[in-house]
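S.K.: Sharing a structure here in structure tokens format.
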Amino acid sequence: MILHQALAQCRTLVVEGPDGIGRSGLIAELARHGFMIRRSRGHLHHVNPTQPYRELLAAPGRLAVDGSLVHELVYGPLRRGRSRVTWIQALDFAEAVAERDGALVHVTGVTDDTEAVDAYERALRTLSQHVPVVTLDAAQLGRPIRAPATPQPQLGGCAQALTIS
């Protein structure tokens with residue numbers, strides 16, 4: 001799936017990517033396409049880290065979530081030695097996004113944090129078995145998101161005679 005297909009087919013998009021790779025252009029573009037933008041409210045719940053995201057996914061209409069449990073799957077082990085989110089919880093979250101006609105948008109780009117880049121690729125490869133994943137290079141975010149242009153028919157392709165009254 002590519003981004004313009006996701007815009008047309010998905011009610012829910014969860015935007016993910018390593019720290020330092022700008023997602024604000026994409027978030028603004030999603031808002032222009034009618035998505036309600038939501039972010040997690042601070043720290044993960046200590047007993048059930050999926051709870052805030054379940055609440056976000058319960059909202060009606062088109063929804064774009066900036067960051068999610070995948071961030072904790074990646075940065076938990078890198079920063080604290082372990083993640084507060086289990087793989088079962090992450091897979092459950094991915095299935096909840098898919099059930100809401102959703103996809104994960106993996107924003108890639110230039111960063112010095114190769115460990116995080118590799119961890120995101122592994123995590124999203126695993127989650128892609130449960131929810132569609134759209135990969136988007138941050139360098140492409142400066143242009144408006146549109147479907148590919150369809151070729152315009154040429155005048156010479158008309159088989160009918162032109163009549164002027």
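We did not get these values from a lab; they are worked out from the coordinates using the rules stated. None of these values were measured; they are calculated from a predicted model. Here the Cβ positions follow ideal geometry from the backbone for every residue, glycine too, while neighbour counts run over all protein chains shown.
S.K.: Taking amide hydrogens as modeled 1.01 Å from N in the peptide plane, which residues meet the under 5 Å criterion relative to G17, leaving out close sequence neighbours?
M.R.: Close amide H contacts, sequence-distant or interchain: V107.
S.K.: Multiply the residue gap between H4 and I37 by 0.36 nm, knock off their C-alpha separation, and tell me the result in nm, one decimal place.
M.R.: Details: separation 33, 0.36 × 33 = 11.88 nm, distance 1.76 nm.
Value of the extension gain: 10.1 nm.
S.K.: Taking amide H positions as placed in the peptide plane 1.01 Å from N, state which residues far from T12 in sequence (5 or more) or on other chains have amide H under 5 Å from it.
M.R.: Under 5 Å from the amide H of T12 lie the amide H atoms of L63, G102, A103, each far enough along the sequence or on another chain.
S.K.: Quote the FRET efficiency, to the nearest 0.05, computed for A139 versus D101 with a Förster distance R0 of 35 Å and r equal to the Cβ-Cβ distance.
M.R.: Numbers: r = 28 Å, r/R0 = 0.80.
Once the sixth-power term is evaluated, E becomes 0.80.
S.K.: Between H46 and D92, what FRET efficiency follows from the Cβ-Cβ distance if R0 is 25 Å, with the result rounded to 0.05? Walk me through the intermediate numbers first.
M.R.: Numbers: r = 18 Å, r/R0 = 0.71.
Efficiency at R0 = 25 Å is approximately 0.90.
S.K.: Below 14 angstrom from the Cβ of E121, what's the summed charge of the other residues (Lys, Arg +1; Asp, Glu -1)?
M.R.: Details: positive: R122, R125; negative: E16, D113, E115, D118, D137.
Its environment carries a net charge of -3.
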